[in-house]
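One structure is given below, encoded as structure tokens.
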Amino acid sequence: MTSPLHIKTLSREEILSHLSALTDILFNCVNGGASVSFMLPFSHEKARSFWLGVAESVGRNERTVLACIDNQQGVIGTVQLITDQPENQPHRADVAKLLVHEKARRKGAAMALMEALEAVAREKGRTVLVLDTSTGSGAETFYQRAGWQKVGEIPRYALMPDGEMNGTSVFYKFL
């Protein structure tokens with residue numbers, strides 16, 4: 001039997017209280033090959049430092065962090081809505097770091113996080129969401145299934161965690 005998933009918006013303090021789980025999720029994803037801005041070797045210390053910075057950003061109201069919580073496993077996934085945009089883009093937000101721990105994948109966490117993120121964006125008056133992801137990745141396929149529109153690809157955009165050059169695919173969604 002699958003435990004129900006709950007999506008929760010995390011305050012700065014809640015990020016700090018879930019720091020261990022969030023650190024473990026990021027560590028797991030990067031070391032599993034996810035292209036989310038980090039290179040190998042990747043340590044728990046680097047993941048922890050990242051989340052401490054995110055907590056401060058949340059405290060400044062620059063972004064919203066959502067967590068997917070499984071009653072049996074605790075925090076299993078997360079996604080961010082970055083609302084700190086230039087003054088001529090008050091209607092737009094960036095989506096970043098959709099991460100689900102490998103032990104919890106293919107159980108609906110990513111879709112639940114994205115649906116909740118879209119609801120939060122609507123509440124904040126954001127009508128255009130933008131994201132990018134590694135070209136050819138499972139994430140690219142996921143976003144297309146979730147109704148996102150692919151704008152195109154930028155070749156040689158970033159390095160994968162192992163150092164291999166890869167393109168990125170840019171997506172948007174109107175709410």
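For (1) out of contact with any helix residue (DSSP H, G or I) (no Cβ under 9 Å at 6 or more places or on another chain); (2) open to solvent by less than 60 Å² (accessible area, probe 1.4 Å); (3) closer than 24 Å to Phe171 by Cα, each residue gets a yes or a no:
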position	(1), (2), (3)
Gly33	yes, yes, yes
Leu40	no, no, no
Ser43	no, yes, no
Arg63	no, yes, yes
Gln73	no, no, no
Gln89	yes, yes, yes
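Restricting to region 100-118, name every residue that is open to solvent by less than 20 Å² (accessible area, probe 1.4 Å) and at pLDDT below 95.
Ala104
Does Lys97 satisfy being in a strand (DSSP E or B), among the charged types (D, E, K, R), touching a strand residue (DSSP E or B) at 6+ places or on another chain (Cβ under 6 Å) and on the phi > 0 side of the Ramachandran plot? I'd like the intermediate steps shown before the answer.
Numbers: in a strand (DSSP E or B): yes; among the charged types (D, E, K, R): yes; touching a strand residue (DSSP E or B) at 6+ places or on another chain (Cβ under 6 Å): yes; on the phi > 0 side of the Ramachandran plot: yes.
When the stated conditions are applied, Lys97 passes them.
Does any residue of region 119-132 turn out to be part of a helix (DSSP H, G or I), open to solvent by less than 30 Å² (accessible area, probe 1.4 Å) and closer than 20 Å to Arg60 by Cα? First the steps, then the outcome.
In the first step, residues of region 119-132 are kept if they are part of a helix (DSSP H, G or I); the result is 119-123.
With the extra rule that they be open to solvent by less than 30 Å² (accessible area, probe 1.4 Å), the set shrinks to 120-121.
If we keep only those that are closer than 20 Å to Arg60 by Cα as well, we get 120-121.
The answer is yes, given that some residue of region 119-132 is part of a helix (DSSP H, G or I), open to solvent by less than 30 Å² (accessible area, probe 1.4 Å) and closer than 20 Å to Arg60 by Cα.
For region 134-152, check the following and say yes or no: at least one residue is among the β-branched types (Val, Ile, Thr), open to solvent by less than 60 Å² (accessible area, probe 1.4 Å) and not in a helix (DSSP H, G or I). Walk me through how you get there before you give the answer.
Taking region 134-152 and keeping what is among the β-branched types (Val, Ile, Thr), we get 135, 141, 151.
Okay, now just the ones that are also open to solvent by less than 60 Å² (accessible area, probe 1.4 Å), so 135.
Still in the list and also not in a helix (DSSP H, G or I): 135.
Checked against the condition, which is being among the β-branched types (Val, Ile, Thr), open to solvent by less than 60 Å² (accessible area, probe 1.4 Å) and not in a helix (DSSP H, G or I), region 134-152 yields at least one hit.
Which condition from (1) farther than 30 Å from Met165 by Cβ; (2) among the small types (Gly, Ala, Ser); (3) in contact (Cβ under 8 Å) with a residue 40 or more places away in the chain is the one that Ser17 breaks?
Going through (1) farther than 30 Å from Met165 by Cβ; (2) among the small types (Gly, Ala, Ser); (3) in contact (Cβ under 8 Å) with a residue 40 or more places away in the chain one by one, Ser17 breaks only (3).
Test Lys97 against the criterion of being within 23 Å of Phe142 (Cβ to Cβ), surrounded by fewer than 19 Cβ atoms within 10 Å (Cβ to Cβ) and within 17 Å of the chain's Cα centre (by Cα), and give yes or no. Working first, answer last.
On the way: within 23 Å of Phe142 (Cβ to Cβ): yes; surrounded by fewer than 19 Cβ atoms within 10 Å (Cβ to Cβ): no; within 17 Å of the chain's Cα centre (by Cα): yes.
For Lys97, the condition - within 23 Å of Phe142 (Cβ to Cβ), surrounded by fewer than 19 Cβ atoms within 10 Å (Cβ to Cβ) and within 17 Å of the chain's Cα centre (by Cα) - is not met.
Please work out if Leu81 is under 16 Å from the mean Cα position of the chain (by Cα) and farther than 18 Å from Thr133 by Cβ.
On the way: under 16 Å from the mean Cα position of the chain (by Cα): yes; farther than 18 Å from Thr133 by Cβ: no.
Against the criterion (under 16 Å from the mean Cα position of the chain (by Cα) and farther than 18 Å from Thr133 by Cβ), Leu81 does not qualify.
The values are calculated or read from the model by the stated rules, or taken from the named source; none is laboratory data. Worth saying up front: this structure is predicted, and the values here are computed from it rather than measured. No Cβ is skipped: glycine too gets one built from the backbone with ideal geometry, and neighbour counts run over all protein chains shown. Areas reflect the complete protein model, heavy atoms only, side chains present, ligands, DNA and RNA absent. Shrake-Rupley method; radii C 1.70, N 1.55, O 1.52, S 1.80 Å.
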